[in-house]
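Structure, as structure tokens:
The values are calculated or read from the model by the stated rules, or taken from the named source; none is laboratory data. Please read all numbers here as calculations on a predicted model, not as lab measurements. So basically every Cβ, Gly included, is an ideal-geometry build from the backbone, and we count neighbours across all protein chains shown.
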Amino acid sequence: MANSKFEYVKDFETDDRLPRCNWIVVRIDGCHFHQFSADHAFEKPNDENALNLMNACAVSMLEQFPDIVFAYGVSDEYSFVLKEASQFYQRRARLSHNEYFHWKEFFPHKDLKRPPFFDGRVVCYPRAKIIRDYLSWRQVDCHINNQYNTCFWMLVKSGKTEREAQEMLKGTLSKDKNELLFQQFGVNYDKVPAMFRKGSCVYRDKVEEIVKFDESRNPVRRIRKKVVLGHFDIIGPNFWHEHPEILEE
Ligand code: ATP
Ligand code: ATP
Ligand code: MG
Ligand code: MG
Ligand code: MG
Ligand code: MG
Ligand code: MG
């Protein structure tokens with residue numbers, strides 16, 4: 001079997017191994033989620049259950065794959081950062097993995113009409129600094145989109161047509177949008193949930209856990225690494241100063 005005359009077709013496969021000494025980012029993005037979110041009646045602009053589902057999938061990814069050191073998600077996309085020395089799947093660029101099967105946990109009363117699809121792309125970055133800039137790029141995008149979408153859906157829900165809402169927001173700056181939210185709807189944008197404004201970060205952190213109780217019923221604590229989820233600013237230096245081990249070279 002191994003050496004049949006047909007074996008040569010294997011040589012037509014191109015080598016897709018990524019260069020060594022590079023951080024790897026895999027970004028997946030839901031295909032046609034505009035339609036998918038409409039078909040499943042997602043709350044606009046942010047369906048919390050749908051975001052929680054994406055986050056649960058990401059947590060489960062970090063729990064399964066130690067080479068993923070950080071993940072950042074917003075809307076229908078998630079970026080996974082793999083450490084520099086990762087030998088995950090021999091650094092092959094083409095891979096697939098499905099975690100979206102957590103659907104029922106988050107939408108117990110809603111049927112999944114069709115399986116979602118995600119496109120994935122892989123990019124190599126030679127330095128941790130560029131990984132930080134990459135993540136900042138995604139978080140800036142999250143902010144811009146969310147501020148716009150928050151205004152847009154407030155206007156639509158208050159009776160404007162989608163076209164009217166679009167016209168009203170055309171050319172507005174960030175501060176104009178904050179102003180609009182506050183003046184017309186009494187919404188302080190800074191009070192919008194952090195998950196919507198900042199997106200979601202998944203990483204490993206040291207947590208102290210009670211593992212058992214000794215003979216005198218005193219708790220025995222142990223520090224262990226656990227996959228955690230949070231909604232932080234990752235553009236400024238604070239988060240990275242507090243978690244230097246994540247992007248340690
Ligand atoms: P493409 O296939 O090119 O990615 P798309 O329709 O998925 O197209 P995106 O630019 O990826 O478009 O945008 C994602 C869409 O899915 C947006 O319209 C967004 O409003 C919607 N969406 C994704 N997640 C949620 C959510 N949690 N709540 C509400 N809407 C969501
Ligand atoms: P949202 O998902 O909230 O609509 P978005 O439209 O800004 O956000 P996506 O469509 O999800 O973003 O894509 C993320 C980023 O990836 C975009 O800002 C764009 O620069 C880039 N991008 C999207 N599609 C492609 C593509 N087919 N090829 C290259 N880059 C792309
Ligand atoms: Mg897209
Ligand atoms: Mg999409
Ligand atoms: Mg888009
Ligand atoms: Mg998207
Ligand atoms: Mg964008």
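Residue by residue through the range 21-69, note down the ones that are more than 16 Å from ligand 3 (Cβ to nearest atom) and hydroxyl-bearing (Ser, Thr, Tyr).
Result: Ser60, single match.
Inspect all residues belonging to the range 17-27 and state whether any of them is away from ligand 2 (no atom under 16 Å from the Cβ), of a type in the set (A, V, I, L, M), over 27 Å from Gln147 (Cβ atoms) and without any contact (Cβ under 8 Å) to a residue 24 or more places away in the chain.
No, that holds for no residue.
Name the pairs: first residue in the range 224-249 and closer than 17 Å to Gly73 by Cβ, second residue in a loop (DSSP other than H, G, I, E, B), Cβ to Cβ under 8 Å, at least 6 apart or on different chains?
His231/Pro193; His231/Gly199; Phe239/Phe232; Phe239/Asp233
Within the range 115-153, how many residues are closer than 19 Å to Ser37 by Cα, loosely packed, with under 12 Cβ neighbours inside 10 Å and either in contact with a Leu (Cβ under 8 Å, 6 or more places away or on another chain) or in contact (Cβ under 8 Å) with a residue 60 or more places away in the chain (or both)?
1
For the range 24-67, which positions are of a type in the set (S, T, N, Q), touching an Asp or Glu at 6+ places or on another chain (Cβ under 8 Å) and either within 14 Å of ligand 4 (Cβ to nearest atom) or more than 24 Å from Val228 (Cβ to Cβ) (or both)?
Across the range 24-67, the qualifying residue is only Ser37.
Filter the range 1-31 down to residues that are hydrophobic (A, V, I, L, M, F, W, C) and surrounded by fewer than 12 Cβ atoms within 10 Å (Cβ to Cβ) and give me whichever is modelled with the lowest pLDDT.
The residue in question is Met1.
Table: residues versus (1) in a strand (DSSP E or B); (2) within 9 Å of ligand 1 (Cβ to nearest atom).
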position: Pro19; (1), (2): no, no
position: Ile24; (1), (2): yes, no
position: Gln35; (1), (2): no, yes
position: Ala38; (1), (2): no, yes
position: Tyr72; (1), (2): yes, no
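Only one of these conditions is not met by Lys110: (1) closer than 24 Å to Lys83 by Cα; (2) part of a loop (DSSP other than H, G, I, E, B); (3) charged (D, E, K, R). Which number is it?
The number of the failed condition is (1).
Is at least one residue of the range 81-101 exposed (fewer than 14 other Cβ atoms within 10 Å of the Cβ) and over 27 Å from Glu13 (Cβ atoms)?
Yes, the range 81-101 has at least one match.
If I ask for residues that are in a helix (DSSP H, G or I), of a type in the set (Phe, Trp, Tyr) and touching a helix residue (DSSP H, G or I) at 6+ places or on another chain (Cβ under 9 Å), which ones from the range 118-155 would you list?
Matches in the range 118-155: Tyr148, Phe152, Trp153.
Being buried (at least 17 other Cβ atoms within 10 Å of the Cβ) and within 19 Å of Val74 (Cβ to Cβ) is the filter here; which residues of the range 154-184 pass it?
Hit for the range 154-184 is Lys177, nothing else.
Considering Ala85, Ala58, Ala50, Ala41, which residue is over 20 Å from the mean Cα position of the chain (by Cα) and under 20 Å from Met195 (Cβ atoms)?
Values: Ala85 fails: under 20 Å from Met195 (Cβ atoms); Ala58 fails: over 20 Å from the mean Cα position of the chain (by Cα); Ala50 fails: over 20 Å from the mean Cα position of the chain (by Cα).
After ruling out the rest, the residue left standing is Ala41.
Among Val156, Val74, Val122, which is the only one that is closer than 17 Å to Ile28 by Cα and either modelled with pLDDT under 95 or more than 16 Å from ligand 7 (Cβ to nearest atom) (or both)?
Details: Val156 fails: closer than 17 Å to Ile28 by Cα; Val74 fails: either modelled with pLDDT under 95 or more than 16 Å from ligand 7 (Cβ to nearest atom) (or both).
Sole residue among the options that is closer than 17 Å to Ile28 by Cα and either modelled with pLDDT under 95 or more than 16 Å from ligand 7 (Cβ to nearest atom) (or both): Val122.
Pairs under 7 Å by beta carbon, first residue without any contact (Cβ under 8 Å) to a residue 24 or more places away in the chain in the range 65-92, partner of a type in the set (S, T, N, Q), six or more apart or different chains?
As it stands, the answer is Asp67/Ser86, since those pairs meet every condition given.
Report, by residue number, each residue of the range 190-249 that is exposed (fewer than 11 other Cβ atoms within 10 Å of the Cβ) and hydroxyl-bearing (Ser, Thr, Tyr).
Hit for the range 190-249 is Ser216, nothing else.
Looking at Lys44 and the list (1) surrounded by fewer than 19 Cβ atoms within 10 Å (Cβ to Cβ); (2) more than 8 Å from ligand 1 (Cβ to nearest atom); (3) outside any helix (DSSP H, G or I), which single condition is not satisfied?
Here Lys44 meets the rest and fails (2).
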